[in-house]
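Written out below as structure tokens is the structure these notes cover.
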Amino acid sequence: MMKVRVGFGYDVHQLVPDRDLWLGGVRIDHTVGLKGHSDADVLIHAICDALLGAANLRDIGYHFPDTAGEYKDIDSKILLRDTMRLLREAGYELGNIDATIAAERPKINPHIPSMKQTLAAVMAVDENDISIKATTSERLGFVGREEGMAAYATVLITAR
Ligand SMILES: [Zn+2]
């Protein structure tokens, strides 16, 4: 039987003025953006953590510390590409990803096809192996008050 492993990732970033909004490797026009040491792409970070967790390779902060100057304002697609390299070096390949973005505004759904296309290219996987969903928080909590966004990702990986 083929060995399969599951991983889970979760991330949150604060919304602030004067920042670009990056989600799933795509820049989205909005009045506020996510704050962070990197470009704060909350979806990519959740996916990286899920991939690393599935392979038992610690987490994103362990491999890409936010105290390191080299990661300041870094494009999170680079972190995702490097995470896939770590995963493949450990002998794994992606099975599939199922991810959810929790954001009150803007509307995420129109951007999902380009996110899937972008992430599939960065990860060198089939677009069909990446599922991205979006939900609001029904105006409740920090997501509902538009103080931040959260992302959740589950991944399955297979041993090569
Ligand atoms: Zn993050």
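A short reminder: the numbers here are calculations on the coordinates, not readings from a lab. Since we're looking at a predicted model, the values are computed, not measured. Here the Cβ is made from the backbone with ideal geometry for all residues, glycine too, and neighbour counts use every protein chain on show.
Worth pointing out:
- Packing-based ranking of 104-111, 9-16 yields 9-16, 104-111, ordered from highest to lowest mean Cβ neighbour count within 10 Å.
- The chain, dipole about Cα centre (Lys/Arg Cβ +1, Asp/Glu Cβ -1), debye to the nearest 20: 320
- Applying a length cut-off of 15 Å (Cα extent along the axis) and a mean Kyte-Doolittle floor of 1.6 to the DSSP H helices of the chain leaves 42-54.
- Estimated translational diffusion coefficient (Stokes-Einstein, Kirkwood radius over Cα pairs, 37 °C, 0.692 mPa s) of segment 24-160: 215 µm² per second.
- Each helix, a run of at least 4 DSSP H residues, gives -39500 (n - 2.57); summed and divided by the residues of the chain, these come to -8500 deg cm²/dmol at 222 nm.
- Sequence-separation-based contact order of the chain, relative, with Cα cut under 8 Å and 6+ spacing, percent: 34
- Lys3, Lys116 arranged by Cβ crowding within 10 Å, fewest neighbours leading: Lys3, Lys116
- Unit charges at the beta carbon, dipole of the chain: most positive-side option, Leu79, Ala121, Leu140: Ala121
- Under the simplified labelling scheme, the Arg139-Asp18 pair shows an inter-label distance of 3.1 nm, with each label point 7 Å from Cα along Cα→Cβ.
- Volume of the convex hull of segment 57-119 (Cα atoms only), normalised per residue: 129 Å³.
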